[in-house]
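The values are calculated or read from the model by the stated rules, or taken from the named source; none is laboratory data. These numbers come from a predicted model, not from an experiment. Please note: Cβ atoms are built from the backbone with ideal geometry, for glycine as well, and neighbour counts cover all protein chains shown. Areas reflect the complete protein model, heavy atoms only, side chains present, ligands, DNA and RNA absent. Shrake-Rupley method; radii C 1.70, N 1.55, O 1.52, S 1.80 Å.
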Amino acid sequence: MPEQRLRIAIQKKGRLSDDTVKLLKACGVKVNLNTQRLIAHSENMPIDILRVRDDDIPGLVMDGVVDLGFIGQNVLEEESMMRKVANEPTSHKVVKELAFGDCRFSIAVDNDFDYQGVQSLANLRIATTYVHILKRFMEEANVPYTSCMLTGSVEVAPRAGLADAICDLVSTGATLEANGLKEVEVIYRSTAVLMQRDEPLTGEKQELVDRILTRIDGVQTAKE
Ligand code: ATP
Ligand code: ZN
């Protein structure tokens, strides 16, 4: 029997969580998230909310484990590239761009680094979380480099002597400034999106998704 309830993956804890939960509420989805449970059942709609690390969300949608996922484009892009290399399924649909989660993915170097353009990065070690997005940029720029993959504390890597430069997510630039770094290249711009699994949903489920999408439009235009 096919799963009857619509499954939606959201970030459990982090920068996207509050805005995602707020948006679901504004769409009329009632759900109690005041527990530590992995799955929360909506009280008023046939919807289950799966709360996970953001990194797991694109794969859960691409593997058809969940129907929808709220995710940053940067994470979706990185996972897509990683899966292409590994020959794993990547198909999905981006069904809505969302009005939160805006950030840029930028290369930054020490304040006193004499930066003359992307060639100044030649043969340096660059610390980042999203190695594939960085790799694409550096290959297109034709600049050889080595990468150092860190899933956290990327901004302290230069000071800690782990890397010569970093490539990290930036919104205000305050974190870079606090670590004595300056932003020198913006290589990707990201916002949060709603992604859907590629295989068709049952009629009822798709109707529910369409209703949610219409409500998101209503909420987002009201805010403009
Ligand atoms: P998780 O524990 O779920 O893996 P995380 O540490 O990878 O969390 P967060 O820092 O919560 O991720 O960021 C989630 C997403 O928020 C980012 O992937 C990005 O799309 C978006 N974002 C918006 N502004 C920023 C910012 N200034 N720094 C980092 N991420 C940002
Ligand atoms: Zn993450």
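Look at the range 150-177 and say how many of its residues are within 24 Å of Q119 (Cβ to Cβ) and hydroxyl-bearing (S, T, Y).
So the answer is 0.
If a residue counts only when it is within 15 Å of ligand 1 (Cβ to nearest atom) and closer than 22 Å to Q220 by Cα, which strands (runs of 3 or more DSSP E) contained entirely in the range 5-57 have at least 2 such residues? Break it down stepwise before answering.
On the way: elements: 6-11, 39-41, 47-52.
Hits in the range 5-57: 6-11.
Only one of these conditions is not met by G203: (1) within 14 Å of ligand 1 (Cβ to nearest atom); (2) without any contact (Cβ under 8 Å) to a residue 40 or more places away in the chain. Which number is it?
(1)
Name the single residue, out of those in the range 120-177 being assigned to a loop (DSSP other than H, G, I, E, B), among the hydrophobic types (A, V, I, L, M, F, W, C) and over 18 Å from G72 (Cβ atoms), that is most open to solvent (accessible area, probe 1.4 Å). Outline the logic, then answer.
The initial filter retains those residues of the range 120-177 that are assigned to a loop (DSSP other than H, G, I, E, B), namely 122-124, 129-130, 142-145, 150-153, 157-164, 171-173.
Cutting the leftovers down to among the hydrophobic types (A, V, I, L, M, F, W, C) gives us 122, 124, 143, 150, 157, 160, 162-163.
Subset that is over 18 Å from G72 (Cβ atoms): 122, 124, 143, 157, 160, 162-163.
Working: A122: 34, L124: 32, V143: 7, A157: 0, A160: 65, L162: 89, A163: 9 Å².
If we take residues in the range 120-177 being assigned to a loop (DSSP other than H, G, I, E, B), among the hydrophobic types (A, V, I, L, M, F, W, C) and over 18 Å from G72 (Cβ atoms), then L162 is most open to solvent (accessible area, probe 1.4 Å).
Of all residues in the range 106-119, which are open to solvent by less than 50 Å² (accessible area, probe 1.4 Å) and outside any loop (DSSP other than H, G, I, E, B)?
If the condition is that a residue be open to solvent by less than 50 Å² (accessible area, probe 1.4 Å) and outside any loop (DSSP other than H, G, I, E, B), then S106, I107, A108, V109, V118 are the ones that fit.
For residues in the range 68-107 being out of contact with any Cys (no Cβ under 9 Å at 6 or more places or on another chain) and of a type in the set (S, T, N, Q), which is farthest from D19 (Cα to Cα)?
Just the residues of the range 68-107 that are out of contact with any Cys (no Cβ under 9 Å at 6 or more places or on another chain), to begin with: 68-71, 73, 75-104.
Still in the running and of a type in the set (S, T, N, Q): 73, 80, 87, 90-91.
Values: Q73: 15, S80: 24, N87: 33, T90: 26, S91: 26 Å.
The selected residue is N87.
Filter the range 77-98 down to the residues that are part of a helix (DSSP H, G or I) and in contact with a helix residue (DSSP H, G or I) (Cβ under 8 Å, 6 or more places away or on another chain) and list them by number.
First, the residues of the range 77-98 that are part of a helix (DSSP H, G or I): 77-86.
Selection gives E77, E78, E79, S80, M81, M82, R83, V85.
Out of the residues in the range 59-98 that are in contact with a Leu (Cβ under 8 Å, 6 or more places away or on another chain) and within 11 Å of ligand 1 (Cβ to nearest atom), which is nearest to G218 (Cα to Cα)?
Residue satisfying both the conditions and the ranking: L98.
Restricting the range 36-74 to residues that are open to solvent by less than 40 Å² (accessible area, probe 1.4 Å) and of a type in the set (V, I, T), which is farthest from ligand 2 (Cβ to nearest atom)?
Applying the filter and picking the extreme gives I47.
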